[in-house]
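Below is one structure, written out as structure tokens, with a few remarks after it.
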Amino acid sequence: MRKEVILAGFGGQGVMSIGKNLAEAGVEEGLEVSWVPSYGPEMRGGTANCTVILTDERIGAPLVDHPTEIVVMNRPSLAKFEPVLRAGGTAFVNSSMIPERVSRTDVTAIYVPCDDIAQELGSSKVGNMVMLGAYVASAGVLKPQTIENMIHAMFTGEKARLVPLNLEAFRRGMACVQV
């Protein structure tokens, strides 16, 4: 098993957080992992992407030219990474920000209204957790309970009040792809 994922969006959309959560969950589950962030020159609003590898074998190099999956949170990211997605791969698309459809017929597209769900939940900041839930439910490489445990561990002290919101966002994302 080997998943090579490129996650991309504007700075502030939480793509680095999604990637870091995937990598940390992979470590927790005993997988070999790699997480490589890449930032644009701007802090918030600029482009940001990261590459995550999850595998049960050694990782020779953390470079990914043709990912098995892409997670795109905005239009420029879809335009940039759809062409390099491996044939037979999966594109996870934030359909709240990207009205266009994936143009390739040799890949699967999963459309997740991340921002719309986040707004329904009352916080625009949890769109990334919605997408994380969709990815975990669809990819089948990580256990949802591992992510839920991480959410509890991430938000402690004063921030513990954010646990229910983030859990709900994660679960709503999973529900987007479960039949």
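The tail of the calculated P(r) for the chain beyond 23 Å holds 35 percent of all Cα-Cα pairs.
Taking 0.36 nm per residue of separation and subtracting the Cα-Cα distance, what length does fully extending Arg171 through Met1 add?
On the way: separation 170, 0.36 × 170 = 61.20 nm, distance 2.46 nm.
This chain segment gains 58.7 nm when fully extended.
Once both labels are positioned 7 Å from their Cα atoms along Cα-to-Cβ, the gap between Ser103 and Val163 label points is 4.7 nm. Kirkwood analysis of the Cα pair distances in region 92-165 returns a hydrodynamic radius of 13.7 Å. For the chain, the mean residue ellipticity at 222 nm estimated from helices alone is -11500 deg cm²/dmol, where every DSSP H run of n ≥ 4 contributes -39500 (n - 2.57) and the total is divided by all residues, rounded to the nearest 500.
Would you mind counting up the charge near Tyr111? Only other residues with Cβ under 12 Å from its Cβ, with Lys and Arg at +1 and Asp and Glu at -1.
That works out to -1.
Sorting the Cα pairs of region 59-129 by distance into bins of 5 Å, from 0 upward, gives 4, 17, 25, 20, 15, 11, 6, 2, 0 percent per bin.
Comparing Gly157, Gly11, Gly140 in a Gaussian network model of the chain where C-alpha atoms under 10 Å apart are linked, the largest mean-square fluctuation is found at Gly157. Within the same chain, aspartates and glutamates fewer than 8 places from Lys20 are excluded, and of the rest, those with a Cα less than 15 Å from its Cα are Glu4, Glu28, Glu29, Glu32, Glu148. Return the FRET efficiency for the residue pair Gln119, Val27: r is the Cβ-Cβ distance, R0 is 35 Å, and the value is rounded to the nearest 0.05. Working from the Cβ atoms, E equals 0.60.
Taking the Cβ of Glu57 as the center, what net charge do the other residues with Cβ under 10 Å away carry, scoring Lys and Arg +1 and Asp and Glu -1? Write out the running numbers ahead of the final one.
Numbers: positive: Arg2, Arg58; negative: Glu32, Asp56.
That works out to 0.
Taking a Cβ cut-off of under 14 Å around Ala87, the surrounding Lys, Arg, Asp and Glu residues balance to a net charge of -3, with basic ones at +1 and acidic ones at -1.
In order along region 157-174, the phi-based Karplus estimate (6.51 cos²θ - 1.76 cosθ + 1.60, θ = phi - 60°) of 3J(HN,Hα) comes to x, 4, 7, 4, 5, 7, 4, x, 4, 5, 5, 5, 4, 4, 5, 5, x, 4 Hz; Gly and Pro are listed as x.
Values quoted throughout were computed directly from the atomic coordinates according to the rules given, and no laboratory measurement underlies them. Note that the structure is a prediction, hence the values are computed from the model and not measured. Every residue, glycine among them, receives a Cβ derived from its backbone with ideal geometry; neighbour counts consider all protein chains shown.
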